[in-house]
Structure formats: structure tokens, C-alpha cells
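One structure below.
The values are calculated or read from the model by the stated rules, or taken from the named source; none is laboratory data. This is a predicted model, so every value here is computed, not measured. No Cβ is skipped: glycine too gets one built from the backbone with ideal geometry, and neighbour counts run over all protein chains shown.
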Amino acid sequence: MIIIGTRGSALALWQANYTKDVLEKKGHEVEIKIIETKGDTSQQWNTSFDKLEGKGFFTKELEEALLNKTIDVAVHSHKDLPTESPDGLMIAGVSSRENPADWLIMREECEDDTQKFSLKKGAKVGTSSARRKSQFLAFRPDVEITDLRGNVPTRIQKLKDGQYDAILLAAAGLERLELDLSDFHVEQLEPEEFIPAPAQGVLAWQIREDDYKLSDVFDSICDYDVMININIERRILNLLDGGCQLPLGAYCYVELNDQDRKLFKVWVSCSSAWDKQPKQLYYETTNTEDLPEKIVEHLHRISAKNIFISRDAHENNNLNRWLTNLGFTVECKSLIDLKKLTIKELPKSDWLFFSSKHAVEFFFMQKPDIGTTKIGCIGKSTSQAIRELGLRSDFIGQSTDTKLVGKQFAARVGLGKVVFPIPRDSMRTIQWQFAKQQNVIDLPIYATLKVPYEVAETTDLLVFTSPSNAESYLEKNKIHPHQKIIAMGEATQKSLLKAKVKETQITTPTSFDDMGLFRAILATL
């Protein structure tokens, strides 16, 4: 008989019963024993979870029961476990990973598609996770963050009762409990953007170190691919000497590269406190040796620099705010002027495709009647500009490889016709991916004029948001050996290389948005 120890919440019982089913299918007799933890008791009091989670408040009593041999295995949500097991205990195995993402669940009257995460301005958001607070406030400093306590059904009920406009919860728990969320709008936050807790969505099976027989049992059901990924995530947590009270997100995902080798992709978000600006990093590598150590060392060496960004500052510009919050001196100035070209007649088409926020702005300022024409775009920033007009994109190209996006979009369109609102000197990279060029209609809507401007030689980092901005910069400035460059997109990089800028000085972001630029900037430090 294998005795499983578990907390008594609905989610904990789901986890225990899931484990019981897996073990019974292997032919074992299993019994479940409920044990109350300090974390369960503390939910009745005014104790914020960011002071509890990760310190053993949800695990200590289960571990004591293991050591006392009143249970044989403890089932944990892996993200709740301290990074080191007590003497005499070990993690014998881990489950496959459920959805690692966080979900923003909001009352329907609080939905606003023009805002980031579709949540209205000034909303009251419930969460007691320091990590979620830190990242959400970075994107939405206008919201009010309030602690949220109780098990998952209790938290949902508090939202339903109107105590909050929205709440943040782990997707895995919601999916496991199959709760009815039909009364709410659910915004699924991408784990590559809103980074989950280390090991989020994974169950851990903890046993006594000397229980060799049970070790073999869990060895047979362990998902070792998941274990490798979450070991990277939790090692980062361990090196930073923090539990879940540390505002840390770490997410590792693996895919095969062109040589059929495993490519490890790691996203990290870390701040010193829940109300401080998080640092964001992205790594990808086929060699994981000392990878957590390299990431943590990189986080520690990030320091404020002087930076020039080739676009004008705007009040709602996240990048400027994030950098300023980290102590950077930021100078913003567009090195080009844009002149509107009047649309005389909008050609009939099945699709419109926008490659920049400028294209969106100059097209829609002329109030064209697009009827039911579908909309495609590249990048989250362009998509957000479309959303701010109360519209939705039917296709969003996420890759920074514009040729790949063009091929993906052409496949989506099929034999349909597409109008491309473009600058007069567009490189037409997306359009050239269409086999039938007669289905491609270029619509010039603005012209680009260079405005050269002298930038101080002491500037450490240069961010060029377009080829035209890079070319305009070089008319009045040199690139100095100490300077590092962020080039937005392949075309911008090519224009710099053509001007004999060293390739080793140039970094390109992994996404066409402020977060992509932010991570690329911090990656150079």
C-alpha cells in the first residue's frame, strides 16, 4: 500500500487523485491522506502569500509526515517547493507539464480591447504573488494591485462578488479543476511575455531518500524532459537565494533547431521587490552547461547606461519607462520625418496587411471604409496599435524573420487579394513571398524624409528602429568601437552592415515590440 499525503484543497486533491490513478494503472494499491499545512491555515488570516510561498508554508507538514513515515509520498505543486529538500527527502519524479501560463480573469464589464491585456484603465487586480505583481505593473502601471487569498474556487467567487475587477491565476490549476469561467473574459498571458514561476504547471513527487523501492516506481513515471527544463528554472531561483516571495519568473522551453539538436530557450524576469522594475532576459543555447549560473551572473552585472533611441518619446512608451526605472539615461529622437500620402481610392481586397505602427496611423487617419476586410500585421506593437482603434488582427506574424512571416501570411491568404499600406520606399519583403504578385496591391500612404541629428559620442547604446533611421544617423555621426547597437529587424541590420558597421556590435531583438527591444538592450550589458 502506497499512502499519498496531500493538502485538502480541491486542487491539491486533484493532484493526489491524478497521482493515485497513475500508480493504480501500474498495479499499486494506493490510499490518500489529507494533511493540513500552515499555508492552508494562514489563508484565513491577513498574511500575504508573497510572504508564505516558497518557504515551505505549503509543504512543511507534508515533509514532516514523510519523515515520520505516516505517508509514503507527498504530492506538491512543484512551484511551491523550496529549492532544496530537507535531509532524508528527495524529489523522486515530476509529472508532464500542464499549461505553464498565467491567466487574467476579468469581469466582462471590465474588458477593454484597446488596452494591454484587454483590461480597462485603473482596474483593481487581485493577486498575492510578488512575481505577478511585478510583471503586471511593468505593463500596466495604471492598475491597483490588491492581495488575493483563498483557494482557487474561493478566489473565483471573490471576483464574481465584485471584490476585484480582475484576478491573476495559474492556467494549470484552472484547467485541472475545469471551473466554469463563462461569466468572465479570460485573457491568456503568453509565458514568453508574462513569465511564469519556476516549475509552474508541474507536479513533484517527494519521498524518503532510503525508499529505494518507491524510487523505482516514480522513476518509471517521471517525465525526464520536463525535469531537465524545470531544473534550469529552479536552479536560477536557488542561485538568487529566493523562494516564491522573490519576484522571479523563469521559463524554459525546448525545440529542435535546424540541425535537429535541442535548442533550450529561457526567459527570465527578476526584480528586487514586487513594486520595482523587473529585469528581463532571453537566452537560447544548445549547451546548458552552467546556463543558470550564466543567467544569474548576467542579471547581477546589468547596470544603467546612456542610450539613444531613434524614435520620439511618447507618454505610453513602455520601453522608455522600463529603462528609466532601471536608472538608464534615455534620449529619444526620431531621425526621420513622415509625410502623409493621400489615399485617392482604396482598392478592393480580402486582406489589409500592416508592417508598422506608422502604417496603421497613416492609413486609418484618412478614415477609409474597410468593411469586413480582414487584417494582418507583423509584431505585437503593430497589433496593439490596431487594437487601440477597436479592431482585431486576424493574422499576427510573431517572427523577426520577415521572409518567414511573408510565407506564413501568403499561406493564410491563399488566393485572396491583399492591400499593403506602405511607406513609399518600402523594401516589400512580405510581398515578395506571394507566388501570385497580381494578388498583391501596394498602397503608399507615407513618405520618409531623413532628419540628421548629432548624438553624443559618450552614448553607450544606440537603438535603431528602422533602416531609414540608421541611415539618417550615419549622415551626421560615426559608430564608435565602444558603442553597442540594437537593430530593429533584418532590414535595419542589413543597412548597418552595408555601412561597414561591425556585425559583432549589432544585436537584433527576438520580437518587434518594446519587450523585444528591452531584452535585447539588457542582453548587451
Query raised in the report: What about Glu178, is it under 29 Å from Pro82 (Cα atoms) and among the acidic types (Asp, Glu)?
Result: yes
Report summary line: Flagged in region 226-248 as within 21 Å of Glu190 (Cβ to Cβ) and either surrounded by fewer than 14 Cβ atoms within 10 Å (Cβ to Cβ) or free of Cβ contacts under 8 Å to residues at least 60 places away in the same chain (or both), in numbering order, are Glu233
Report task. Test Val296 against the stated conditions and say whether it is more than 30 Å from Ile232 (Cα to Cα), out of contact with any His (no Cβ under 9 Å at 6 or more places or on another chain), surrounded by 17 or more Cβ atoms within 10 Å (Cβ to Cβ) and not assigned by TED's automatic domain parsing to the domain that holds Leu415. Result -> no
Query - Check on Leu474, over 19 Å from Val451 (Cβ atoms) and modelled with pLDDT of 95 or more - result: no
Report task. Give me a count of the residues in region 299-331 that are without any contact (Cβ under 8 Å) to a residue 12 or more places away in the chain and surrounded by 21 or more Cβ atoms within 10 Å (Cβ to Cβ). Result -> 0
Query - Elements of type helices (runs of 4 or more DSSP H) in region 344-422, at least 2 residues being more than 26 Å from Ala487 (Cα to Cα) - result: 402-413
**Report entry** Criterion violated by Glu284 - all others in (1) surrounded by fewer than 18 Cβ atoms within 10 Å (Cβ to Cβ); (2) in contact (Cβ under 8 Å) with a residue 40 or more places away in the chain satisfied
**Finding:** (2)
Report task. Using the structure shown, decide if Ser393 is at pLDDT below 95, within 30 Å of Asn317 (Cβ to Cβ), crowded, with 18+ Cβ neighbours inside 10 Å and touching a Ser or Thr at 6+ places or on another chain (Cβ under 9 Å). Result -> no
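Here's the yes/no breakdown for (1) charged (D, E, K, R); (2) buried (at least 23 other Cβ atoms within 10 Å of the Cβ):
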site: Ala250; (1), (2): no, yes
site: Leu256; (1), (2): no, no
site: Asp260; (1), (2): yes, no
site: Phe264; (1), (2): no, no
site: Cys270; (1), (2): no, yes
site: Lys276; (1), (2): yes, no
site: Lys279; (1), (2): yes, no
Report task. Return yes or no: is Asp258 free of Cβ contacts under 8 Å to residues at least 40 places away in the same chain, farther than 17 Å from Met515 by Cβ, not in a strand (DSSP E or B) and not hydrophobic (A, V, I, L, M, F, W, C)? Result -> yes
Query raised in the report: On the given criteria, is Pro481 over 28 Å from the mean Cα position of the chain (by Cα), over 19 Å from Leu323 (Cβ atoms) and not aromatic (Phe, Trp, Tyr)?
Result: yes
**Report entry** Selection count, region 175-210, where residues are surrounded by fewer than 20 Cβ atoms within 10 Å (Cβ to Cβ) and either in the same structural domain as Arg131 (by TED's automatic domain parsing) or more than 30 Å from Lys69 (Cβ to Cβ) (or both)
**Finding:** 17
Report task. Could you figure out which of (1) in contact (Cβ under 8 Å) with a residue 40 or more places away in the chain; (2) surrounded by fewer than 18 Cβ atoms within 10 Å (Cβ to Cβ) isn't true of Lys213? Result -> (1)
Query raised in the report: With respect to Thr465, is the statement that it is surrounded by fewer than 19 Cβ atoms within 10 Å (Cβ to Cβ) and in contact (Cβ under 8 Å) with a residue 40 or more places away in the chain true?
Result: no
